[in-house]
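Remarks on the structure that follows.
The values are calculated or read from the model by the stated rules, or taken from the named source; none is laboratory data. These numbers come from a predicted model, not from an experiment. Backbone-built Cβ (ideal geometry, glycine too); neighbour counts: all protein chains shown. Side chains are part of the model used for accessible areas, which takes the heavy atoms of the whole protein and leaves out ligands, DNA and RNA. Shrake-Rupley method; radii C 1.70, N 1.55, O 1.52, S 1.80 Å.
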Amino acid sequence: MLDKLGSALKKATNKIAKAIFVDKNIIEEITKDLQRALISADVNVHLVKEITDKIKREASDEKIKGIEKREHLIKLLHDTILEIIGGEKKELILDKKQTKIMLLGLYGAGKTTAAGKLALYYNKRGKKTAVIGLDVHRPAAADQLEQNCKKINIPCFINKKEKNPIKIWNEYKKELDKYDIIIIDTAGRHSLDKELVSEIKTLNKAINPSHKILAIQADIGQAAKQQASEFQKALDINGVIITRMDSTAKAGGALTACYETNAPVYFIGTGEKAIDLEVFNPESFISRILGMGDLESLMEKVQTAVDKETQKKLKKNLEQGKFTLRDLQSQLQSMSGMGNLSKLAEMIPGFSSAKAKLPENIIGTQEEKIKKWNHIINSMTQEEIENPEILEKQTTRLGRIAKGAGCNTSDIRQLLKQYKMIKEFAKSGQDMDMSGGMMSQKQMMKLAKKFGKKMKF
Ligand code: GDP
Ligand code: MG
């Protein structure tokens, strides 16, 4: 399912994450990769151009600089793809008393299979569900539905002899009253011809379903757009189920086409069995084609929950070569709950790109350490915070602080060492080209090396 698009997105995300500079070349490279992947997923070329133009335009925004630029680009990529496959998750709303869901679509779209799938889905969720078969054209239609329902133990109402679907509906209408959800399977045609339009219009009038769901097979790709809009014109359909997502690489075409016609995709079919149905959630769909781990790291990068004001102040202090224990503490506080030292690294201008070069154990989770440090700084006097050097001269102070913070004096020494190192880093940062929050690659490599060696926890 959209494997190529997934791997292209993954590749792009990695490229951005690893890039030292987000410059025109990188943006160009990424949009090219993306274009190729979208086209191979059968997304309409005009739409592809629209998407990549938008990414290029927004990514080149000169107002966004440095670290934020990379986060911005990753988020932009993610959000743009999310939007074209449907944006926010839409839910099929059930009626309070009884919900009638009528399935529509051409031959082989997957209506009959979907009828069983939906029935099982709602039945599992405690709804009393029944299926009624109104496909009177295909001789085997009623048998197929009956067999599908038998497998999943769902009541199935059919009449193999009757050729008028309205009559079948009326025959069972009373009996169906006791169900919470009724799934209505209808007949298809080779195309949406006059006969089919008139049939579904008549059925719609007699049944008055709250949901008219169009089944579309994913393999038709972009052609889904025409189909969805034709059905919409004929009967004002209010949702889509895309079937056979498992058997094609073209699903991008069907998904984006539906989005263009404003018909929300509620479900996707991912196999022939009744359990092969999924609620369509664009966000988790992307996370799956990206690979779960990737999305988590991606969102972590993007949603770095740092207090903007504190960050501004820190940046200013750093630029002036100042970095007090107080600054360190406010950084620690803003990180509590996140517990990831890499966050601290990201807040130091120029450092975030060096992060990629640091060994994992250094930037690993440091929740405990951060808590301890917080306690230590809280146990210091104002004088000690402003002038930590006195702690080196008057070591008896260490014992007092350790007692207050519930730790060893070695923990305090470690914090002081760390603080000195960050301060040193900040000082050397004065030489950095801070215009874009970035420094030269040479400078950065030098510092990363130094930092990587010294930074022991
Ligand atoms: P209908 O003519 O619209 O009622 O379509 P059917 O429900 O009879 O489905 C047509 C064919 O597609 C059947 O062979 C189904 O087994 C198959 N099919 C339906 N949904 C899926 C799906 O999600 N995945 C796969 N692989 N096959 C499906
Ligand atoms: Mg059928």
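Taken per residue, the accessible surface of the stretch 226-279 reaches 41 Å², heavy atoms only and a 1.4 Å probe.
Here Ser229 sits with roughly 40 square angstrom of accessible surface, probe radius 1.4 Å. Working note: Karplus 6.51/-1.76/1.60 with θ = phi - 60° gives the stretch 143-153 the couplings 4, 4, 5, 4, 5, 4, 6, 4, 4, 10, 6 Hz, where Gly and Pro are set to x. A simple packing score, the average count of other Cβ atoms within 10 Å per residue, orders the peptides 131-144, 85-98 as 131-144, 85-98, with the highest score first.
Expressed as a whole percent, the accessible area of the stretch 238-279 that falls on carbon and sulfur atoms is 46 (1.4 Å probe). For Cα pairs less than 8 Å apart in space and 6+ apart in sequence, what is the mean separation divided by the residue count of the stretch 99-300, i.e. the relative contact order in percent? Answer for the stretch 99-300 is 24 percent. Taking packing as the residue-averaged number of other Cβ atoms within 10 angstrom, the listed peptides 245-253, 389-397 run from highest to lowest as 245-253, 389-397. Close amide H contacts of Thr243 (hydrogens built in the peptide plane, cut-off under 5 Å, sequence separation of 5 or more or a different chain): Ile216, Gln217, Ala218, Gly269. Phi-derived couplings, Karplus 6.51 cos²θ - 1.76 cosθ + 1.60 at θ = phi - 60°, listed residue by residue for the stretch 118-124: 5, 4, 5, 4, 6, 4, 4 Hz, with x used for Gly and Pro. If r is the Cβ-Cβ distance from Ala206 to Lys90 and R0 is 30 Å, what FRET efficiency results, to the nearest 0.05? After rounding, the FRET efficiency stands at 0.65. Over the stretch 49-181, accessible surface divided per residue gives 53 Å², non-protein components excluded, 1.4 Å probe. What is the Cα centroid distance between the stretch 74-116 and the stretch 194-233, reported in whole angstrom? So the two Cα centres are separated by 14 Å. Would you work out if the stretch 99-300 is rounded, prolate or oblate? Take a ≥ b ≥ c from the square roots of the eigenvalues of the alpha-carbon gyration tensor; rounded if a/c is under 1.5, else prolate when a/b is larger than b/c, oblate otherwise. In terms of gyration-tensor shape, prolate.
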